[in-house]
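K.L.:
My structure is below; once you've seen it, I'll send some questions.
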Amino acid sequence: MVVKNSKLMVSLQFGLTAITAAAADVLFTVALFLGGFLGVLLLGRTVFVPAVDRALTARGFDEAVRGLGSRVASAVVWVAAIAVAFTLAGYGAFLSAFAVFGSALALAVGFAAQDLLGNFVAGVFILKDKPFNVGDWIQWDGNTGRVEDIDLRVSRIRTFDNEQITVPNGDLANSAVTNPVAYETLRQKFVFGIGYDDDIAEATDIIIEKAEAHPDILEDPGPSVRLVELGGSDVGLQSRWWIDDPDRGDFVRVRSEYVTAVKEAFDEAGIDIPYVHRQLTGSVEVVEAVADDR
């Protein structure tokens, strides 16, 4: 009986020792995992992410690009923390298998969302290269409007009819975009048509005089006039003038006021702005058919 009890005690002690050893291994593995994960995460958030933000700030990128860079850096830190934690815990094989699965999944998602990713990348380049900014009015593919918002996937543009157009960034990045307010001054042009019998020099003087009299047309560079066409019914004189700090409202207002002033001056001077005359020539033959009563 004593022998049996002794064997039972030995078995219990052996079992407890094995359980304790297994628990110790588990705790050690968990400690390695948590230690590696938290260590890399803390180091990344306190050193790597701020370093990325400082580098983007030093290169002159705006807040949107810096925010994107910080988010990408944070994602890299999380992935690195998980990878280091699994490696320290002795699950490198599992991590490799997960990486292969993740790569295949990313490839599948990439093929399924090519347009979405393309617009995302285009948004990054728009924010980086700054072909236009929020508040600019731009022209592209026959459309015109003021930029209200530049997101990573789309840009929102308000037309001058107060409509909002949501444009994928890929369309703006891959097509020619005209930004009339990119510089401090803007040149405008308008062709005035006068009659063949009118005095070109007198008309030119009037066009220059009205440009110089307008308060919003610059003196330097000064306005100029060029004869650009001999049309079917008129002689085309192209006026070129410059405005300062261009805006859509100024663009339209100055043009309208200036053209109106020139038209009124032409009327007072007896200079005609002809319109197209068409004269139809020929003859009309009328044929009367006589019914044959039979």
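K.L.:
Please determine, by comparing only the residues of the stretch 240-262 that are touching a Pro at 6+ places or on another chain (Cβ under 8 Å) and hydrophobic (A, V, I, L, M, F, W, C), which one is farthest from Glu209 (Cα to Cα).
P.N.:
Only one residue fits best here, namely Phe251.
K.L.:
Could you grab me the full set of residues in the stretch 132-143 that are surrounded by fewer than 17 Cβ atoms within 10 Å (Cβ to Cβ) and touching a residue at least 12 places away in the same chain (Cβ under 8 Å)?
P.N.:
Asn133, Val134, Gly135, Gln139, Asp141, Asn143, listed by residue number.
K.L.:
Next question. Taking Ala213 and the conditions (1) exposed (fewer than 12 other Cβ atoms within 10 Å of the Cβ); (2) free of Cβ contacts under 8 Å to residues at least 40 places away in the same chain; (3) within 25 Å of Ala261 (Cβ to Cβ), which numbered condition does it fall short on, given that it satisfies the others?
P.N.:
So Ala213 meets the others, but not (2).
Every number in this text was worked out from the coordinates using simple rules, so none of it is lab data. No experiment lies behind these values; they were computed from the predicted model shown. Because the Cβ atoms are built from the backbone with ideal geometry, glycine has one as well, and the counts that use them run over all protein chains shown.
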